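Working notes, structure below.
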Amino acid sequence: MIKKVHHVGVVVRDMEQAMRFYRDVLGLPVHKIEILYEQGVKAALLKVGDSEVELLEPVVADNGVARYLEKKGEGLHHICFEVDDVERDLTSLKARGVELIDQQTRIGLAGRICFLHPSAVDGALVELCQPLPDDVVHAAQVAAAPHGESA
C-alpha cells in the first residue's frame with residue numbers, strides 16, 4: 001500500500017510570498033505549479049530529497065482549502081502517502097469501512113489522488129497519490145480549466 005511520504009501540504013494566503021521563503025530562502029526547487037480549477041486552488045510542488053512540499057493557495061472563496069485558511073490560518077494542511085495503485089487502495093479502504101472524502105479517485109497535482117476523512121485518521125487529513133507523468137496531469141488540468149484560461 002504505502003511506499004513513502006510523497007508530500008506535506010501547506011495552505012498559504014499568497015503563493016508568491018510563500019515561494020520567496022520555500023524556493024528563495026530554503027532553496028527548494030519548484031517541481032511543478034498549476035491552477036487546479038476543480039479543486040479551486042493554485043498549487044506548487046517543491047522538491048525536498050525524495051519527497052515534496054505542496055503549497056496550496058485558494059483561488060475561490062468557498063471550498064475546503066479556503067474554509068480551512070479562514071478557520072485555522074496558514075500552515076500544515078495534509079500529509080500525502082504515495083501508493084502503487086490508488087484505485088485498488090481506495091477500493092480496499094471502502095471495503096474496510098474507512099470514512100472517505102473521495103468516493104473515487106481524481107487527478108491532482110501529485111497524480112491520481114484521493115483523500116481520507118480526518119475522522120478516520122485521528123483528525124489528520126490524509127491523501128493517497130499514485131504519481132502520473134507530468135504531461136498527463138497538465139492535460140487534465142487544461143481540460144478542467146474554464147474556457148479561454150490555461151492552467
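What the table shows:
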| item | result |
| --- | --- |
| C-alpha long axis of helix 134-144 to longest principal axis of the chain, angle in ° | 90 |
| Overall form of region 1-70 per C-alpha gyration tensor (a/c, 1.5; a/b vs b/c) | oblate |
| Charged-residue dipole, Cβ positions (Lys, Arg, Asp, Glu), the chain about Cα centre, Debye nearest 20 | 220 |
| Burial ordering of Arg106, Arg112, fewest other beta-carbon atoms within 10 Å first | Arg106, Arg112 |
| Candidate lysines - alpha carbon under 21 Å from Lys42, same-chain residues fewer than 8 apart omitted | Lys32, Lys71, Lys72 |
| Region 1-56: chymotrypsin sites (Phe, Trp or Tyr not before Pro) in DSSP coil with no more than 11 other Cβ atoms inside 10 Å | none |
| Computed over region 2-144: relative contact order in percent, which uses C-alpha pairs under 8 Å that are six or more apart | 25 |
| Computed over the chain, Kirkwood Rh from alpha-carbon pairs, angstrom | 15.8 |
| Residues Arg20 and Arg88, FRET efficiency given R0 of 30 Å [Cβ-Cβ distance, rounded to 0.05] | 0.15 |
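The numbers here are math on the coordinates, done by the rules we state, and not lab data. All of these numbers come straight from a predicted model, not from anything done at the bench. Glycine also receives a Cβ, built like all others from the backbone with ideal geometry; neighbour counts cover every protein chain displayed.
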